[in-house]
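Asks: Below are the structure tokens for one structure; questions will follow.
The values are calculated or read from the model by the stated rules, or taken from the named source; none is laboratory data. Predicted model, so just to flag it, every value in this text is computed and none were measured. Because the Cβ atoms are built from the backbone with ideal geometry, glycine has one as well, and the counts that use them run over all protein chains shown.
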Amino acid sequence: MIQHPAIIALLSTSLLTAFLLGYAAWHGAIIRRRWDITSGSELQLTLERRTYLISAILAAALVFQILSLFLFIFTADALHTRLAGAMCAAGSLNANQYGYPVLLLKIITCLMAGTWLIINHADTRGYDYPLIRQKYALLNLLTPLVLLETLFTVLYFGGLKADVITSCCGSLFSQAGGGLAGEMASLPAGPMRLAVFSALAVTTVAGLFSIRTGRGAGFFAVSAAVTFFISVAGLISFVCLYIYELPTHHCPFCILQKEYHYVGYLLYASLLGGGICGAGAGVLIPYAGVASLKNSVPGLQRTLTVASLAGYLIFGVVVAVVMAAADFRLE
């Protein structure tokens, strides 16, 4: 099974990304320790040239890291036909003890990678590299997680066996099921509908206010983060029911399949984009007063706010269209 083309591509990408991040973290630690922008020494000039290389490597590697989340989910879904009992990615991920930890690590590293790219972009706008230590400090947190994720990915795909019977999504994401999945599936649909659309409305108003006045970026960032988690819970609680037109099917993975027009990829991509960009606008708040960034950070925050609102708008419109087009109705 490990010879599946998608698995080979995913393992190759994971190993390459882990190697590049390890290489960058090693040199990043040296840059953090020796960096002195006021110095004109040969060492400082070498570090300045090296940071260009490291930033270029990381920008490419972290874009691949973000894309690998969707490739991993696609691969897990494609493998369900080869695993007894699995009906979608939910069953494939449950085939051994490493599947869901890999997914969780990929989501976390995806969010951190997006944050690093935002900080790095802001740093390049300053003539004195004002965020050089902050971005390499974040890299030191991100790299061990990516290395652990890569190890778990190898163990997950290496441990898959076609003769092992796994659980179907109906038992994992059901109101009677245990764990976090069962709790989200059991959330009442009516209140969750109100919560999701209220959160989207509050985030939209906060974003428009921030764009118009240049103030309130902190509140918008918090609102965008809260909206992300509420929307994920709402997706499992009630959105999936309208997509499947079944009152008991809460699986968040079947919506990635052809039968449902791959709508899940659009929903998840828009949510991730909205969450990362919204949080990024808040991450830049402490640096708005830095002399070399005071003219560029407000514009970057506005761009991130617009991108976040666009992501959440797409999510909200897709959910509304799905609910309106379905013959299914929840009482």
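Asks: Taking the stated definitions as given, is Leu246 surrounded by fewer than 21 Cβ atoms within 10 Å (Cβ to Cβ) and outside the structural domain of Thr115 (by TED's automatic domain parsing)? Can you show your working first?
Replies: Working: surrounded by fewer than 21 Cβ atoms within 10 Å (Cβ to Cβ): yes; outside the structural domain of Thr115 (by TED's automatic domain parsing): yes.
When the stated conditions are applied, Leu246 passes them.
Asks: If we keep just the residues of the stretch 302-331 that are crowded, with 21+ Cβ neighbours inside 10 Å and within 19 Å of the chain's Cα centre (by Cα), which is farthest from Asp128 (Cα to Cα)?
Replies: Gly316
Asks: Among the charged types (D, E, K, R) and closer than 26 Å to Asn140 by Cβ - does that describe any residue in the stretch 70-91? Step through it out loud before you land on a result.
Replies: The initial filter retains those residues of the stretch 70-91 that are among the charged types (D, E, K, R), namely 77, 82.
Right, trim to closer than 26 Å to Asn140 by Cβ and you get none.
Within the stretch 70-91 (the criterion being among the charged types (D, E, K, R) and closer than 26 Å to Asn140 by Cβ), the answer is no, since none of the residues qualifies.
Asks: Let me ask something additional. Taking the criterion of being in a helix (DSSP H, G or I), in contact (Cβ under 8 Å) with a residue 12 or more places away in the chain and among the charged types (D, E, K, R), would at least one residue in the stretch 134-149 satisfy it? Full working, then the answer.
Replies: Pass one, the stretch 134-149, residues in a helix (DSSP H, G or I): 134-149.
Now drop any that are not in contact (Cβ under 8 Å) with a residue 12 or more places away in the chain, which leaves 134-143, 145-149.
From what is left, the residues that are among the charged types (D, E, K, R) are 135, 149.
Checked against the condition, which is being in a helix (DSSP H, G or I), in contact (Cβ under 8 Å) with a residue 12 or more places away in the chain and among the charged types (D, E, K, R), the stretch 134-149 yields at least one hit.
Asks: Go through (1) surrounded by fewer than 15 Cβ atoms within 10 Å (Cβ to Cβ); (2) of a type in the set (Ser, Thr, Tyr); (3) within 21 Å of the chain's Cα centre (by Cα) and name the single condition Ser270 misses.
Replies: (1)
Asks: Right, another one. Restricting to the stretch 207-228, name every residue that is farther than 12 Å from Gly282 by Cβ and not in a helix (DSSP H, G or I).
Replies: Matches in the stretch 207-228: Gly214, Arg215.
Asks: Next up: Do the conditions hold for Gly126, that is, is it assigned by TED's automatic domain parsing to the domain that holds Ala18, part of a helix (DSSP H, G or I) and at pLDDT below 90? Don't jump to the end; show me each part of the working.
Replies: Numbers: assigned by TED's automatic domain parsing to the domain that holds Ala18: yes; part of a helix (DSSP H, G or I): no; at pLDDT below 90: yes.
In short, no.
Asks: What number of residues within the stretch 195-212 are closer than 21 Å to Ser237 by Cβ and free of Cβ contacts under 8 Å to residues at least 40 places away in the same chain?
Replies: Selection size over the stretch 195-212: 5.
Asks: When Gly159 is evaluated against the numbered criteria (1) at pLDDT 90 or above; (2) small (Gly, Ala, Ser); (3) within 22 Å of Pro101 (Cα to Cα), which criterion, by number, is the only one it fails?
Replies: (1)
Asks: Give me the helices (runs of 4 or more DSSP H) completely within the stretch 229-331, filtered to those with at least 2 residues that are among the β-branched types (Val, Ile, Thr) and touching a residue at least 60 places away in the same chain (Cβ under 8 Å), ordered by residue number. Quick ask: steps written out before the conclusion?
Replies: Values: elements: 240-244, 263-283, 297-325.
Counting at least 2 such residues, we get 263-283, 297-325.
Asks: Cβ-Cβ under 6 Å, sequence separation 6+ or interchain: first residue in the stretch 12-40 and free of Cβ contacts under 8 Å to residues at least 60 places away in the same chain and in the same structural domain as Thr153 (by TED's automatic domain parsing), partner β-branched (Val, Ile, Thr) and surrounded by fewer than 17 Cβ atoms within 10 Å (Cβ to Cβ). Which pairs?
Replies: Leu20/Ile57
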